[in-house]
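A short worksheet on the structure shown next.
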Amino acid sequence: MSNRAVFLDRDGILSELALNAATGEYESPHTTDELVMIPGCVAAAKKLQDAGYLLFIVSNQPSYAKGKTSLENIKMIANKVEFALGQGGVEIARAFYCYHHPQGVVPAYSGACRCRKPKPQMLFDARDEFDLDLESSWMIGDQETDVECGRRAGCRTILVENPLSAKLRPGIEKPTLTARDLADAVSKLLAAQGSGGA
């Protein structure tokens, strides 16, 4: 029997979006000092794990491609997120990161790629590596690109309506469910599972 998974976007779901003073925009943190885990996210993720789901982080991280921070910083932030989750007993089966951006300034990380959401390739890679049943799996994110990614992979989707990323939700994609935050998303997911919807 194939495994069930929950794919978690990172920034805006597990970690707070950080204010970029240079642009006035909220985006991924650029240093470990800017990383703040969202209250309740670790306990929420633990509930998913306890319910039998394999957990994955699936995140676009183009700040190095855009010349905003170093690749080393991005990887240190990723490690710190997984450490914080691990402190709460949460095991991430694998974290998938896309470092590319179509309009990047670092040549090796610029242009089209196979992995950047909303392309579903990172979910397909997880499926192939971990024997996942994508139809029994979920994608949770705060942007419509997350919803599109999950839909294209054949997953059900939950759109977290984080107010700091509202402009990235134009209302085109229709998620399976909407939620206030990860804790709310997990409650609704598990309720759907209990009613035979998962």
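FYI, it's all coordinate maths here, none of it is from the lab. Not measured: the values here are computed from a predicted model. Ideal geometry is used to build each Cβ from the backbone, glycine not excepted, and the neighbour counts take in all protein chains shown.
Take the alpha carbon gyration tensor of segment 135-198, find the square roots of its eigenvalues, order them as a ≥ b ≥ c, and report rounded if a/c is under 1.5; if not, report prolate when a/b exceeds b/c, else oblate. Oblate shape, in that a/c is at least 1.5 and b/c is the bigger or equal ratio. Each Cα pair under 8 Å and six or more residues apart adds its sequence gap; the mean of these over the residue count of segment 5-194 is a relative contact order of 23 percent. A prolate overall shape is assigned to segment 21-87, the ratio a/c of its alpha-carbon gyration tensor axes (a ≥ b ≥ c) being 1.5 or greater and a/b exceeding b/c. Between A21 and T178, the modelled labels are 3.5 nm apart [label points 7 Å from Cα along Cα→Cβ]. Taking a straight line from the alpha carbon of K47, these lysines sit under 18 Å away, with near neighbours fewer than eight places off in the same chain left out: K188. If the segment from A93 to A192 were pulled out straight at 0.36 nm per residue, it would be longer than the present Cα-Cα gap by 33.3 nm. Axis angle, to the nearest 10 degrees, between helix 182-194 and the longest C-alpha principal axis of the chain: 30 degrees. A crude spin-label estimate for the pair M76 and V36, with each label 7 Å from Cα along the Cβ direction, gives 2.0 nm.
Rounded, prolate or oblate for segment 83-188? Axes are the square roots of the Cα gyration tensor eigenvalues, ordered a ≥ b ≥ c, and the cut-off for rounded is a/c under 1.5. Rounded, since a/c falls under 1.5.
Taking every DSSP beta bridge that has both ends in the chain, the antiparallel portion is near 15%.
Estimated translational diffusion coefficient (Stokes-Einstein, Kirkwood radius over Cα pairs, 20 °C, 1.002 mPa s) of the chain: 128 µm² per second. With Cα atoms defining each centre, segment 107-162 and segment 39-96 are spaced 15 Å apart in the structure.
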